[in-house]
Amino acid sequence: MFKETPSSLRRYFALVAFLCLITSLLMILFHEKAGAAQLSAATYAALLNGLAFAFVAVQFGTLIVKSPGTIKAVLHISFWADFVLGVSFGSLPYGMSDRLGWVIATIIYMYLLHSVTRISGEQKGNVPNQLPDPTSPSVTPPARAGGAPSVGADH
């Protein structure tokens, strides 16, 4: 199974930001005979999505520890805005390839949410399914059978 690292997740946000910003800027610059007001909502959504993902990429180290909810909010808004804009502009998944695209996008969205939660927990020191180190001073020794532990030397 794939397991994201903080570095790979940061690179993902940076790559998506780059692609969204380049695409939206090219659409704005080369849109024929139309001003900024006439550009589609999808162009603006891509631009805003790119800016949000760039913010997360730049601030990832801080956000993953102090505010993973911000990263999750960016993922939620991005996914649902894409869904709403797709539905609004007639991009409903009619054919099998369109449905497959939505299924893959949903799987990636869920995987990223899970990865953010897991990495955030790891960065905060909450490592699930890991037994404590028995030599660590923070681990309490097991109670002795037959009563309370003795305070002094064993007799």
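The values are calculated or read from the model by the stated rules, or taken from the named source; none is laboratory data. Everything quoted here is computed from the prediction, not taken from an experiment. Note: ideal-geometry Cβ built from the backbone for every residue, glycine included; neighbour counts use all protein chains shown.
Computed values, structure above
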{"quantity": "Pairs with Cβ under 8 Å, 6+ apart, first in segment 2-28 and over 11 Å from residue 49 (Cβ atoms), second of a type in the set (Ser, Thr, Tyr) and at pLDDT 85 or above", "calculated": "2/111; 4/12; 4/115; 9/115"}
{"quantity": "Unique residue being of a type in the set (Gly, Ala, Ser) and at pLDDT below 85 when the list is 69, 61, 95", "calculated": "95"}
{"quantity": "Residue 103 being of a type in the set (Val, Ile, Thr), at pLDDT 75 or above and within 14 Å of the chain's Cα centre (by Cα)", "calculated": "no"}
{"quantity": "Subset of segment 14-58 [in contact with a Leu (Cβ under 9 Å, 6 or more places away or on another chain), over 21 Å from residue 84 (Cα atoms) and at pLDDT 85 or above]", "calculated": "25, 54, 55, 56, 57"}
